[in-house]
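One structure is given below, encoded as structure tokens.
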Amino acid sequence: MILLVDAMPLCYQAFNTVGHFSTKDGTATGLRYGVVRSLRSWKNKLKPRRTVLVWDTHHPVLKAAQQKETYKAGRESEKRNEMFLQLPDLKEMINLTGFHQVEAPGYEADDLMAAIANYYATSLGEDV
């Protein structure tokens, strides 16, 4: 079985749950802790052969060009900025865990996940 994870909703959940965790010197660690805790829990419970985190990118998304102002309107920018500052450290930490990460400029994670799931299911006969 392949476990595909849309990384940004997982990050929002972790940040809003334990995002306030930090070291003695004030370095934020809650996002990393929350994400890795969830990933390890799913890995232990589901026993996937491979876990793949799929990320949205900073690049313009093709969907956004079509929907202009309404696309993802109303997101809380201040809180998002605090979370986004922790993403580079989180991605580096995930690289050390053996989990795989995928992102592609111009595409959202859910679009990539559909393509990846289709590939594993049809070409390799894997459960996703």
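Computed 3J(HN,Hα) for the stretch 4-16, one whole-Hz value per residue from the Karplus formula 6.51 cos²θ - 1.76 cosθ + 1.60 where θ = phi - 60°, is 9, 10, 6, 5, 5, x, 5, 5, 4, 4, 5, 5, 7, glycine and proline marked x. Taking amide H as placed 1.01 Å from N in the peptide plane, the amide H of PHE21 sits under 5 Å from that of THR29, GLY30, each at least 5 places away or on another chain. These residues, THR122, THR57, go from largest to smallest accessible area, 1.4 Å probe, as THR122, THR57. Each Lys or Arg adds one and each Asp or Glu takes one away; over the other residues whose Cβ falls under 15 Å from the Cβ of LYS47, this sums to +3. Stretching HIS100 away from ARG37 to a fully extended chain increases their span by 21.1 nm, per 0.36 nm per residue minus the current alpha-carbon distance. Shape analysis of the stretch 83-123 based on the Cα gyration tensor places the equivalent ellipsoid semi-axes at 24, 14, 6 Å, largest first. Were the residues from HIS58 through ASP6 laid out at 0.36 nm apart, the gain over their Cα-Cα distance would be 17.2 nm.
3J(HN,Hα) along the stretch 100-116, derived from phi through the Karplus expression 6.51 cos²θ - 1.76 cosθ + 1.60 where θ = phi - 60°, amounts to 9, 10, 9, 7, 8, x, x, 10, 7, 4, 5, 5, 5, 4, 4, 5, 5 Hz, with x in place of Gly and Pro.
The values are calculated or read from the model by the stated rules, or taken from the named source; none is laboratory data. Computed from a predicted structure; not experimentally measured. Virtual Cβ from ideal backbone geometry, glycine too; neighbours counted across all protein chains shown. We work out accessible area using only protein heavy atoms, side chains counted, and drop any ligands, DNA or RNA first. Shrake-Rupley method; radii C 1.70, N 1.55, O 1.52, S 1.80 Å.
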